[in-house]
Amino acid sequence: MSSIGSSNIGFQLLKKSGWKEGTGLGAQEQGRLEPVETRVENNKRGLGSKEPKPKPKVEDDVETAPSKRPKDAPATKKAKLAAKRIRKMQEEEKRAQEREFEIAFFREFWPDNV
């Protein structure tokens, strides 16, 4: 592994902080002498992952028999989108109710401010 160049921003920051090239980091200079090795991972699995990303199983909703599908699984993309819209509307309704409660609470104790 090679050391970092003097044009590197990290190198420059360390020099400004009093670090001397060739010495370790830390109060007793006991730390690393070389930078941590890096590598680019394009598998989108996160740091430390060695396994490749599993391929999704391709299944058509039309070909899948209803008996093989979980009971509560939506049958089509339209059903999934409808369920998502319903959840969003429920969340908005809940937020509106919480806001109404806050306004009523403040009116009760500070009627001049609301």
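Restricting attention to the range 65-114, the residues that are surrounded by 10 or more Cβ atoms within 10 Å (Cβ to Cβ), assigned to a loop (DSSP other than H, G, I, E, B) and either at pLDDT 85 or above or over 33 Å from the mean Cα position of the chain (by Cα) (or both) total 1. Any residue in the range 32-43 that is closer than 21 Å to residue 6 by Cα sitting within a Cβ distance under 7 Å of a residue that is surrounded by 10 or more Cβ atoms within 10 Å (Cβ to Cβ) and of a type outside the set (Lys, Arg)? List the pairs, counting only those 6 or more apart or interchain. Matching pairs, first to second residue: 32/24; 32/25; 33/24; 34/3; 35/4.
The values are calculated or read from the model by the stated rules, or taken from the named source; none is laboratory data. Treat the numbers as computed from the prediction; the structure is a model and nothing was measured. Ideal geometry is used to build each Cβ from the backbone, glycine not excepted, and the neighbour counts take in all protein chains shown.
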